[in-house]
Structures are given as C-alpha cells and as structure tokens.
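The values are calculated or read from the model by the stated rules, or taken from the named source; none is laboratory data. Please read all numbers here as calculations on a predicted model, not as lab measurements. Cβ: placed from backbone, ideal geometry, glycine included. Neighbour counts: every protein chain shown. With ligands, DNA and RNA removed, areas are computed over all heavy atoms of the protein, side chains included. Shrake-Rupley method; radii C 1.70, N 1.55, O 1.52, S 1.80 Å.
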Amino acid sequence: MLWVAIIALVMTVLTVAVAGRRALFLYKLATVGPPAPERVEYAKTNLGAEIKAQLVEVFGQKKLLKWTPSGTAHFFVMWAFFILLTVYIEAYGAIVQGAITGRPNFHIPLIGTWAVLGFLQDFIAVACLVGLVVFAAIRVKNSPKTLGRDSRFSGSHLGGAWLVLFMIFNIIWTLFLARGAAAANDNLPYDSGAFVSRALGDVLPQSALLEEIALLLHIGFMLVFLVIVLNSKHLHIFTAPLNVAFSRRPDGLGAAPEMRVGGKPVDFEDEDLDPEKLGRGTIADTTWKGFLDFYSCTECGRCQSQCPAWNTDKPLSPKMLIIDQRDHAFQVAPYLMAAQQGVEHKDTDVLALLEKPLVGEDGVIHPDVLWSCTNCGACVEQCPVDIEHIDHILDMRRYQVMVESSFPSEAGVMVKNLENKGNPWGMSEMKRAEWIEELDFEVEIVEDKMPEGTEYLFWVGCAGALEDRAKKTTKAVAELLHIAGVKFAVLGPMEACTGDPARRLGMEYLFNMLAQQNIETLNEAGVKKIVATCPHCFNTLANEYPQLGGMFEVVHHTQLLSKLVDEGLLTPITPIEQKITYHDPCFLGRHNKVYSQPRDIMAKVPGVQTQEMHRHKDRGFCCGAGGARMWMEERIGKRINTERVDEALTTDPDTVSTACPFCMVMLGDAINEKKNNGEAKESLEVVDVAQLLIKSVKGAS
Ligand code: SF4
Ligand code: SF4
C-alpha cells in the first residue's frame, strides 16, 4: 500500500499549501483596516456569555432550528463535519498502517472499536445525506428562477451552493465505499454498530484495490472540498464560530455600536480628531470584525426574507449589503494589501478601485440602499452567524452624514430642529409640559432635584409631549401611575430628545451632544429609575447612555404597568369587547425582547380577544419609522406602514394596539388612508396598550 500512502501524502501536502496560502490571504485582508480592540476585550470579560453563545448558537444551532426543515438539515450536516473527523483520522491511519504492515486495519486508540462510535459515524453520514436532499429540495422550491425577488436565494451565488452540496455528497458516498470495502476485507474496526458499513461489506467484493482506491477518493474529495470552502461562501464553516465569539452580546441589537476612530471611542473634543476618519467611507475603513461578517455570510437569505425594506420592493437587501461589500473587498484586496506594504499605485484604474466609495451612485452600495434601512433588526435577529448589518449601516451613514454631508434632505429639517430646539418638530420646550394641563391631578415637574419620595422619573419623550396621538398615551400612563399610587415626576422643559433619531441617521456628534446634556440633567436631579413610553427613548436611555456614563434603571411603560396589574395595584374591570391585534414595536420587541408584557396587559382586560398577525414577536414587521426613517420620505416601493396595516387587516380587527408613539403615527396614517379608500372600517383605530388599560381600569368610554 506504499503507493497509496505516497499519493495521499502528495495530495495532502499540496492541499495544505494551497489552503494555507488562502488562509493567510484572508487573514491579511481582514487586518488591513482599523483595529477593533473592544471586540476582544468584550469577549474576554464576558467569557461565560461567549461560551454559552458557542454552545447554543454554533453547536446547538438555535437560530437555524427556528427554520424547521432547513435548520434540522443544517444541524445534521454540521454535526457530520465534527463526527466524521474521526473517520478521516481512521482513513489516514489506515493508509499509514497499510503502508507499514500491509494491512490497513487501523483503529483510533481507546475508542476506535467502540460500537457506539461506529454507529454514530454511520448514522450521521446517513443523516447528512438526507440533509443534502432536503437542502436540494429547498433550493429547487425557493429557486429565484420561479420566485424571483421573493426567493430568499435571490442574489446569492447559486452555482457555488450546488457545487458544495455535490462535494459533500461525494464525501459521503466515498465514505461508505471505503468503509464497506474495509468491512468486506475485515479491516473495519467496528464489529457492530456501523450498520451501513457492515451491510455494504456483505455485498461488496473482497478487494484490497477497491479499499485503497475508495480511501484515496474519500480523502481526495475532502481535500478538494477544503480548497473550495476557503474560496467560497462555505468559508463560514471556519469563520462563523469566530464571528459569533466576537459579536456584540446578547445579539448585536439594542444599543447602536459606539463610534470609534482608530479603535478608540470617538472624542469630538479632541483637536487632533481627523474628521475624514468618522465612519466608513471606503472598504479600507472596515475593521477585522466587519471582514469576519463578510467571510461568514452563507448567503442563506434569511435576513433578506425578513427585511421590511426588501419586502416592500426597495433596493435594500441586508444579504446583498454584505455580499456586495465582500465581493468588492476581494476585488480590491491585492492592491489594498500591496498599498499597505508601501507599494505606490499609479494606475488610474487601480486608484479608482482603491478609492471607490462604499456609498454613492457609483459606489459599492447605492444611497437608496443605505437610506432604506429602518434599523428594525430583523436581519440581525435572523442571521444564523450573527452578522451585524445595523453596525455596517450605521458606520456608513456616519461617514455620509458627518464627512460627506450627504443624506436625504428631509432629514436635515429634523437635524436642525434637534440642534436648535432639542426636539425633531422644532417646537418650543415650554410646550413639553402642556399635556399636564389636560389632567385632573397634579404632576410634579423636576425643577432642580427629584421631589422627595418620587420613585420614577417619567421620561415623556418628544412625541409623547408634542404629538397629539402620542399625548394620549402619555396621559393614560400618567393617570395609571397616579391610580396605582406610583410617585413620579417629569422633567418638563428640561427634557430634550434622547438623540435616537440623530444617532440612527448617523449624526453621532449631535447624539453625543444631546445625550451628554440629558445625562447631566438626570444626574443632577438625582434620577435613579426611569419609565419611558417610547421604545426608542427606552432603548437609548437603557442601552446607549451607559456608553457615555449614564447609568439608570430604565423600564418601558408596558413592563411597569404589567407589574402593577400583577400586584393588584391596577385592576382592569370594564370589559372591552373588541378583536385586537397587537403590533410589536421593533425597538421594544426585537431590540429589547419585551414581547410578553404588552400581551399580558391585554390578556387581563376583560372582553378583549387578541389575534396575532402572521408576522409577530421576533418576526414582527416594522412600521417603517425606525432608523430615522420617520423623518424621511418613502419614495420607493410600497409604503412599509401600508404593508403592515394590510397584514393587520387580515385579522379583521376592531382595534390595532401597539406600544410606541412612532408606530401609532405610522399605523394610524396607513389606517386613515385605508379608510379614505374604503378598505378599512371607519371605527378602526390604533391605540397604545396603556389606553386600553386605562379605559378598562376607569371604565371610561
Ligand atoms: S435593520 Fe431592518 S430594514 Fe435594516 S436591513 Fe435589517 S431588516 Fe432591513
Ligand atoms: S447575512 Fe446572515 S442571514 Fe443574511 S444571508 Fe448572510 S448568513 Fe444569511
């Protein structure tokens, strides 16, 4: 068997050389950009969470298993990779032993003749084959040729995916051929357990040559597959666990990432700050974590299938956002790496490629793609390899806004209003307390310090204080707190926008300014606990202010009200005989995992019949207002709020409920349009869960 060993050795050495060269290239490319020390630091300080993420997401395939058929198939195919490593140890061992002793009857020391291992190997190989059939069926059923844009594979590299399935198939059939031939020659280390290999051994002829050729084929296909993996989207086999390890925990949602320059949190006071370095302008501004995202994308399209922008015919696909950057990175890679080593490029085509903007009419990403994102988080939530699309989008927006001054002009009005008046509508700060006059009880306004005995600072928010529909929620919450005996105060004119719309637009400077001002006000007042009605305020106060040193205990009003109902401090008694469908606000649900409390409140109101929309909870569909989209025109495709209301109407509701002032506005506008067109009943309205509760508690009509 010496010739077999020589061929196997040559194949392996050649493949390791080719694969090693590719791996080195990928590493060098990934490290051309600025550092991301916070990712390593975070992983080190949260080791427990990282280990859990590896166990749950990588080994347990939690996210993939939400998609039952494809997730189950992937579970088995992935585990086949781990378990069948033992078969490769046996294959190489058999070749070496055959070359030395003339008989390839190698077994792994200690466990190598254990029937359980033999069974596991055969079982997982069969399961892998079944998985391949399922994958093929899913790909045929969801083919972009038949489904077009509705296929989650639309835009993916389809040929590469089929090649990979074919290669895995080759690995599995050669595995069985090699093990069956070994069984026929009495070289298989398992007397029992390896049920398929043993059965094949009974039908295959006794032939040393067959066993030798099968071993070489099995190893050969694996080596070719390794090279293909390193040059295709299947690179995720190696990079996905790393990407999961260095993702922001718990899931890349909630807080927007801190803005960093050269790996350090941006300091706008720093005189040496290079304004050109704000955000990402070209691919060279991508950190190694960004490249890990590129390398990890499996092109599965789960993100695309959930994206509200893609689902309403806008050009944004979160999958293509990643793939387009990756394809550009590979195209520019040789010149980029050479430039980093001091090579001065003179060729104008090369220079144009190196300087190609990430965003622009002729950029890697079209501006319409960038500005279509609502930051809803559906892509991040679904991505099985923890790619952080929103981080990419925000960093590109930061560059566009702060370096290029290029963003939808309508949003400029909002920015000016925030700068001048501290709210997006540009209203006087004195108007922030006007809603209080419409109440029949006193609400304390913080003048300097939180009044004695107050437990919560009620963060009203700009919409809650200034927008008519949202003011109804504000008054309902204030009244409910008053009834429950919860002592609270408001900041009134001292409250300013949290900065969420500025930050999501990419105007980090303005966000910093507003956030620091608010943190100072809150700290000076001695605020410890905050209740907020707006999920955007809630998210910013709870998750983003800690980045600037603002540490407060923040709850959303649905969390607090649900608790008060549970404690018997609020008792809904008057029946509301209505069919109600609840719309999950993205920044409350997906970004902060508050799904049950709004539903719990409604469940306690007598007479309410709830009916879920098809897309709800973690798969809820955005209203279209997030990511500062509230302040931009929606010119492309179907309006997102109309799409959401169309879905709500399929449940034939009397009322649509929600828990966010922006959702109220967006859904309310779409419902009014439907009413005008005669497509919705006149009595249909959108209300906050708090409004339902106060109606039932007070018995008001
Ligand atoms: S955050 Fe929402 S809108 Fe933006 S890309 Fe992801 S799914 Fe699409
Ligand atoms: S970004 Fe994630 S969800 Fe989207 S295609 Fe890539 S791997 Fe799939």
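Let's test the formula: R0 of 41 Å, r as the Cβ-Cβ distance of GLU442 and PHE330. What FRET efficiency results, to the nearest 0.05?
Efficiency for this residue pair is about 0.05.
Using a simple spin-label model with points 7 Å from Cα along the Cα→Cβ vector, what separation in nm is obtained for LYS141 and PHE238?
Those two pseudo-labels are separated by 3.3 nm.
For the chain, calculate the relative contact order in percent as a whole number, restricting contacts to Cα pairs under 8 Å that are 6 or more residues apart. If you can, show how the numbers build up before the last one.
Values: 1151 pairs, mean separation 81.5, N = 701.
Relative contact order of the chain: 12 percent.
Would you work out the charge dipole size for the chain about its Cα centre, treating the Cβ of every Lys and Arg as +1 and the Cβ of every Asp and Glu as -1, and quote it to the nearest 20 debye? Let's see the in-between values first.
On the way: 66 positive and 83 negative charges, 446 e Å.
Roughly 2140 debye for the chain.
Rounded, prolate or oblate: which one fits the stretch 260-406, using the alpha carbon gyration tensor with axes a ≥ b ≥ c (rounded when a/c is under 1.5, else prolate when a/b beats b/c, else oblate)? Could the numbers behind the result be given before it?
Details: a/c = 1.70, a/b = 1.35, b/c = 1.26.
Prolate is the answer for the stretch 260-406, as a/c is 1.5 or above and a/b outweighs b/c.
Semi-axes of the stretch 28-128's equivalent ellipsoid from the Cα gyration tensor, sqrt of 5 times each eigenvalue, largest first, rounded to whole Å? Please list the in-between numbers first.
On the way: eigenvalues 253, 93, 37 Å².
Equivalent-ellipsoid dimensions as semi-axes: 36, 22, 14 Å.
Counting pairs of alpha carbon atoms under 8 Å apart in space and at least six apart in sequence, what relative contact order in percent does the stretch 180-260 give? Kindly include the intermediate steps, with their values, before the conclusion.
Working: 44 pairs, mean separation 19.0, N = 81.
RCO, the stretch 180-260: 23 percent.
Using the per-residue mean of other Cβ atoms lying within 10 Å as a proxy for protection, in what order, highest first, do the peptides 38-44, 462-468 fall?
On the way: 38-44: 14.6, 462-468: 23.3.
Descending mean neighbour count gives 462-468, 38-44.
Just how far, in whole angstrom, is the stretch 106-141 from the stretch 591-617 if you go by their alpha carbon centroids?
Computed from Cα coordinates, the inter-centre distance equals 43 Å.
Holding the Cα-Cα limit at 18 Å, pick out from LYS529/LYS698; LYS563/LYS593; LYS617/LYS675; LYS475/LYS695 the pairs that are longer than that. Display every interim value, and only then the final one.
Numbers: LYS529/LYS698 26 Å; LYS563/LYS593 16 Å; LYS617/LYS675 27 Å; LYS475/LYS695 12 Å.
Listed pairs above 18 Å: LYS529/LYS698; LYS617/LYS675.
Over the residues of the stretch 350-455, compute the C-alpha Rg and express it relative to 2.2 N^0.38 Å. If you can, show how the numbers build up before the last one.
Numbers: Rg = 21.4 Å, N = 106, 2.2 N^0.38 = 12.9 Å.
Output field value: 1.65.
For VAL203 and LEU548, FRET efficiency with R0 = 45 Å and r from the beta-carbon atoms, rounded to 0.05?
Numbers: r = 71 Å, r/R0 = 1.57.
Using R0 = 45 Å, I get an efficiency of 0.05.
How many nm is it between the label spots at LYS593 and GLN516, if each spot is 7 Å from the Cα in line with the beta carbon?
Label-label distance for LYS593 and GLN516, simple model: 3.3 nm.
Can you work out the Karplus-derived ³J(HN,Hα) for every residue in the stretch 138-144? Use 6.51 cos²θ - 1.76 cosθ + 1.60 with θ = phi - 60°, whole Hz, and x for glycine or proline.
Result, rounded to whole Hz: 5, 5, 5, 4, 9, 5, x.
What does the accessible area per residue of the chain come to in Å², with a 1.4 Å probe and no ligands, DNA or RNA counted?
In whole numbers, the chain has 42 Å² accessible per residue.
Just to confirm the number: angle between the C-alpha axis of helix 85-101 and the first principal axis of the chain, 0 to 90 degrees, nearest 10?
20
What are the ³J(HN,Hα) values, in whole Hz, obtained from phi via the Karplus relation 6.51 cos²θ - 1.76 cosθ + 1.60 with θ = phi - 60°, for each residue of the stretch 421-428 in sequence order, with x given for Gly and Pro?
10, x, 8, x, 8, x, 8, 5
What whole number of Å gives the distance from the Cα centroid of the stretch 525-570 to the Cα centroid of the stretch 280-294?
If we compute the Cα centre of each part, the gap is 34 Å.
For the stretch 447-587, with only Lys/Arg (+1) and Asp/Glu (-1) charged at the beta-carbon, what is the dipole magnitude about the Cα centre, in debye rounded to 20?
Working: 12 positive and 18 negative charges, 61 e Å.
The calculation lands at about 300 debye.
Which percent of the Cα-Cα distances in the stretch 411-556 go past 23 Å?
Values: 3034 of 10585 pairs.
Of the Cα pairs, 29 percent sit more than 23 Å apart.
Normalised by the residues of the stretch 411-556, what does the relative contact order come to in percent, with Cα pairs under 8 Å and at least six apart? Let's see the in-between values first.
Values: 223 pairs, mean separation 36.8, N = 146.
Reported relative contact order: 25 percent.
Are there GluC sites (Glu not before Pro) in the stretch 250-284 that DSSP marks as loop and that have at most 11 other Cβ atoms within 10 Å, and which are they?
Details: sites: GLU258, GLU269, GLU271, GLU276; in loops: GLU258, GLU269, GLU271.
When the GluC sites (Glu not before Pro) of the stretch 250-284 are filtered for loop state and at most 11 Cβ neighbours within 10 Å, GLU269, GLU271 remain.
Carbon-plus-sulfur fraction of the accessible area of the chain, 1.4 Å probe, in percent? Show your work: numbers first, answer last.
Details: 16970 of 29150 Å².
Using a 1.4 Å probe with all protein chains present, the chain comes out at 58 percent carbon and sulfur.
In terms of modelled amide H atoms, which long-range or inter-chain residues lie less than 5 Å from the amide H of VAL687?
Those qualifying (amide H under 5 Å, at least 5 residues apart or on another chain) are VAL656, SER657, THR658.
Between LYS449 and ASP272, what is 0.36 nm times their sequence separation minus the Cα-Cα distance? Round to one decimal in nm. Provide the component values of the computation, followed by the final result.
Details: separation 177, 0.36 × 177 = 63.72 nm, distance 3.75 nm.
Here the segment from LYS449 to ASP272 would lengthen by 60.0 nm.
Grab the beta carbon distance between ASN231 and THR348, set R0 = 30 Å, and tell me the FRET efficiency rounded to 0.05. Could you put the intermediate results ahead of the total?
Values: r = 29 Å, r/R0 = 0.97.
Rounded to the nearest 0.05, the efficiency is 0.55.
If you line up the long axis of helix 689-698 against the longest principal axis of the chain, both from Cα atoms, how many degrees apart are they, to the nearest 10?
The helix 689-698 is inclined about 50 degrees to the chain.
May I have the convex hull volume per residue, in Å³, for the Cα set of the stretch 579-698? Intermediate values should be presented prior to the final figure.
Values: hull volume 12.6 nm³, N = 120.
So the per-residue Cα hull volume is 105 Å³.
Helix 640-649: angle to the longest alpha-carbon principal axis of the chain, degrees 0 to 90, nearest 10?
90
Between the stretch 53-81 and the stretch 351-374, what is the C-alpha centre distance in whole Å?
Spelled out, the Cα-based centre of one part sits 34 Å from the other.
Report the trypsin sites (Lys or Arg not before Pro) located in the stretch 612-652 that are in a DSSP loop and have at most 16 other Cβ atoms inside 10 Å of their Cβ, or state none.
Details: sites: ARG615, LYS617, ARG619, ARG629, ARG635, LYS638, ARG639, ARG644; in loops: ARG615, ARG635, LYS638, ARG639.
Qualifying residues, ordered by number: ARG635, LYS638.
With a/c under 1.5 counting as rounded, go ahead and sort the chain into rounded, prolate or oblate using the C-alpha gyration tensor (a ≥ b ≥ c being the square roots of the eigenvalues; past the cut-off, prolate if a/b is larger than b/c, else oblate). Please list the in-between numbers first.
Working: a/c = 2.39, a/b = 1.79, b/c = 1.34.
Judged from the Cα gyration tensor, the chain comes out prolate (a/c at least 1.5, a/b above b/c).
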